[in-house]
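Input: a single structure, listed below in structure tokens.
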Amino acid sequence: MKKILLSLFVITAFLSCKDDSKKENELTKENTLEVNDAANEGLTTLTGNFVYYADGAVLQTKSELYGVIINEKMHELDNQAQPFKDEPTDLVGVTIKVKISKKPADEEGWENRVEIIEILNVSKLPSEANEVIKLGTKQ
């Protein structure tokens, strides 16, 4: 009886460890899928949440925040995002092809920045993703 219990314990422990390594591999694959090189053109496909408000644009992925270079394509993305927003500060889900660069040392902002090259997809996020606490006075 002790041998059977010991065998079951060893098998359970082995399977648990095997499952953990699978999960780690899946997380690594997930993060790798977030950034895909596009045909050696120096372009990267990113999926994340985008917001443009008060002359600042940000792209938030699962693992990184990027400042978005404000240019014609960024304004095009913002125009496509407007129908999916209830408030000006709402985030919108996007998939875009970008060029990633480091910010110059003398500039303020996020360490990495992106220049939008192509807009692949724009979608509304679930309402709980855009929950914001608003401060103010009621009259």
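Taking the Cα centre of region 36-127 as origin and charging only Cβ (+1 Lys, Arg; -1 Asp, Glu), how large is the dipole, in debye to the nearest 20? Please report the intermediate quantities before stating the final value.
Numbers: 9 positive and 16 negative charges, 59 e Å.
Computed about the Cα centre, the dipole is about 280 debye.
Compute the Rg/Rh shape ratio of region 36-127: radius of gyration over Kirkwood radius, all on alpha-carbon atoms. Please list the in-between numbers first.
Working: Rg = 12.6 Å, Rh = 13.3 Å.
We get a ratio of 0.95 for region 36-127.
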Protection proxy (average C-beta count within 10 Å per residue), highest first, orders 48-59, 114-125, 78-89 as 48-59, 114-125, 78-89
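Every number here is computed from the coordinates shown, using simple stated rules; none is lab data. If you're wondering where the values come from, they're calculated on a predicted model, not measured in any experiment. Virtual Cβ from ideal backbone geometry, glycine too; neighbours counted across all protein chains shown.
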